[in-house]
Structure formats: C-alpha cells, structure tokens
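Read the figures in this text as sums done on the coordinates, not as results from a lab. In this text, all values refer to a predicted model and were calculated from it rather than measured experimentally. Quick reminder, even Gly has a Cβ in these numbers, built from the backbone with ideal geometry, and neighbours come from all protein chains shown.
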Amino acid sequence: MSNPFDQVFSREGTCAVKFDARRAVFGREDVIPLWVADTDFAAPQAVTDALVARARHPAYGYTLFPDSLYESMIDWFREHHDWTIQREWVRMAPGVVPTLHAAAMAFAEAGEGVMIQPPVYPPFFSSIRKAGRRVVENPLVERDGRYEMDLGHLESCASDPANKVLFLCSPHNPVGRVWCRKELEGVMAIARRHDLVVVSDEIHADLVYRDRPSHTMLAAVCEPGDPLLTTVAPSKTFNIPGMGLSAVVSERADLLGRLNGVFDSLHMVQCNPFSVTAFEAGYRHGGEWLAEMMDYVRGNRDFVLGFVEQRLPEIKVTDPEGTYLLWLDCRGLELDDPELKRFMVEQAGVGMNPGITFGEQGSGFMRLNIGSPLGVIRGALEQIEVAVVARRSQ
Ligand SMILES: Cc1ncc(COP(=O)(O)O)c(C=O)c1O
C-alpha cells in the first residue's frame, strides 16, 4: 500500500499562504514552496470528519470554549508529555504570536527589555517591537553545526533590571534544538535569580524524532511559584495552524490575570466553531497520525542530510532534534543575503525562508521546510543541485 504522506495534492487556490502568496513573496508563482511552517500533508481524518460534521449544522454563531476542549489538551499533555495541567491554569488564546505580543505588553513597560535567542522565529522580534518594548538578544552559540544557549550571556542580560521577560523557543525554530533538562534548569535558575517572567513557546513540542532526544516541557523543571507561562497549540502537531487557536498555561494566577488583562482589553479571545472542533479532535484522536507523520518526516530528514552531504558540499545542514524545519548553512556559496534569496528563487526555483529574517545570525542561511511528500523535497534538492553545479562552472 502506498504511504498516504507521499500523496501530492494541490493546495493552490485554497488561500494557502505557502502557495498562493508566492508571487507576492518570491516574485513568481512557480517556485517549489518550502517556506511557511505548515505541512503539505492532509490533517488527520478524524479532524476532517469532525469539521465536516460540525459544518453540517448550519448555525455558525458565537462559540464558547467547552469543558471537553480543555479536557482534550489536559489529557494529551498528561499522556504525551507527562505534564499534569489543572483546568484553572489554562487560558485559550487566538494564536501563539498574539500571546507573545500580549506578554510583552503585560510583563514589561514601554521601552523595557524582552530577551530572545536568535536566530529565532521572526515574530519573536516583531511581537516585542510592535508592543513598543525593546528586543534584547542573547544569540545562540554554534559549535560544529550544533546550537547551544549562552547561559552566561543570558545571565548578564537578565541582571539588567530593565530586562523583564524571556521568550524561550522550545524546540527551537529554526535550528531544531530540543533543549535538554540541564539547559532548561539553567534558564529557570536565571529567571528565579533575576525575577524574570519566562514565556516558553512550545508549539513544536510534539514534533520530535523517535531517534533523537525527547522533549522536556520547561514546566517539568519548575518549582511551585516559578514565573512561567507555557504556550501550546495543536496547530503544528496536526497541521491545522489556519484554525488559529492556542492555549497558555501557567500555575501563576497573577501572571495569567495580567495576560488576560491585555487580551480582554483588545476583545481578542474569541473562538469559532471550527477552531474548537479541530483543536479537540486533534488532541483526542490525532496521536497515531502524528507518530506516522513524524516517521515520514524522519525519512525526509535523512534523505536531505544524505543528499546535501554527498551532492552539495557548499551547503551544510544542521541535524535537527525536532521540528520539520531544516537550517541550511549556505555560506559556502559565497553570496550575500539578497543574492542568496535570488539564487534560490531564480536559479533553483525553490522558495525557502531567508535565514537573515531570523536575525543577523541567520545571514547566509536558508530555512527549508521538509513537511512535504518526499518526491517534492527530492525535486527541490535536485533543482538546487543543478543551480549550484551551474554556478561552480561560472
Ligand atoms: C516557534 C513558533 N511560534 C509560533 C508560531 C505561530 O503560532 P501561531 O500561528 O499560533 O501564532 C510558529 C509558526 O511557525 C512558530 O514556529
């Protein structure tokens, strides 16, 4: 039987950003789109069935968050992450990025600092800047292609009383690190010493590989009363990010209350009949699908690692521990950032995220999304190879 994840189905004309924004972003519609962080896999059948069943009831009015929604995520995190969440620790939120923005507003004053660890998902910068808060960078350190946190530098940033908040990306987009317990303990020790609020974005928590370290929730290394808010969502896990529903979890009622104050002032927490349905169906019934999906992505990962090593010596890939995002070090091509983007789009015909958008530490890199059928990934790499070979002989 063929593998369902091998199936290529068209997403064009579905208002999919990854496909239908290509002209706007890359200047042409024919690039192989391996950028935005969603996958080209059909969501779990149980999610689609639940959505279809909900759509059959033709009243799409204002919608509340049912108890069963909370229970579905509480059960999921107990079963998959050994994390016991109490119902009153949970606040639903439209998306993780709005939560980051609301947290910058809630826990730092105008002009005060929020720390991030670039290269990192671009909204980590913009959610702070657009709140009128200051981005404080604690760059990750690269050692032989593996990235680590610089806890010494983090401590010195945290010791400035004007820096109030840390946004942790765990697992880390784009470098694919799954932070180990010791690293996480180091982060929380610093937070305690300097009275920081930590917002841990764990949207990729479920996307780890069977043959790599498992994910540790930051909450698992916390002590009662620690200043932590964790953001989670089924969006990446079941490929339903368009539903726009996530959750924030914190044992600290005072912190949740301050965050709620921002959300409420913007009248921002509202859900819709479909987001509630997809969220719950994913967490209730998506476990088996997720395991199969990550096995498939593991095959893609190994294919890319092998291909690049054997056929693209100018490029190095960071071996990811988690996420379906690969971080390609293209500095060996000796192109500046605008040239690198042009080269990938115009010569190779592949649309990836330029590394420079993840912070200046991403200069010379590209982020490749491998959440697509292997045939698509293979085609993209072959096109890159043709372009690189042509460039060698220039
Ligand atoms: C680390 C991280 N946080 C948040 C998001 C987006 O979250 P949302 O769509 O819920 O705002 C992404 C999407 O790529 C991500 O990689």
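Gain on full extension, evaluated as 0.36 nm per residue between Asp75 and Tyr62 minus their Cα-Cα distance, stands at 2.1 nm.
If you take all other residues with their beta carbon under 11 Å from the beta carbon of Arg133, and give Lys and Arg +1 and Asp and Glu -1, the sum is +2.
With the convex hull constructed from alpha-carbon coordinates only, region 5-160 shows a mean projected area of 14.9 nm² over all directions.
Taking a straight line from the alpha carbon of Lys236, these lysines sit under 18 Å away, with near neighbours fewer than eight places off in the same chain left out: Lys18. Computed from backbone phi with θ = phi - 60° and the Karplus coefficients 6.51, -1.76 and 1.60, the 3J(HN,Hα) list for region 117-128 is 10, x, x, 8, 2, x, x, 4, 6, 5, 5, 7 Hz; x is used for glycine and proline.
Size of region 98-151 from its Cα atoms: along the principal axes, largest to smallest, the extents are 38, 19, 13 Å. Of all beta bridges that DSSP places with both ends in the chain, some 55 percent have antiparallel geometry. What aspartates and glutamates could a cross-link reach from Lys316, if we take a straight Cα to Cα line under 12 Å and drop same-chain neighbours fewer than 8 places away? Output for Lys316: Asp144, Asp329. When the helices of the chain are scored as -39500 (n - 2.57) per DSSP H run of n ≥ 4 and the total is divided over every residue, the value at 222 nm lands at -12000 deg cm²/dmol. Legend: Rg and Dmax of the chain, from Cα coordinates, 20.8, 63 Å. Calculate how many DSSP beta bridges within region 60-285 are antiparallel, expressed in % of all such bridges and rounded to the nearest 5. The antiparallel proportion sits near 40 percent.
So for region 60-285, what percent of the C-alpha to C-alpha distances run longer than 28 Å?
Details: 6392 of 25425 pairs.
Roughly 25 percent, rounded to a whole number.
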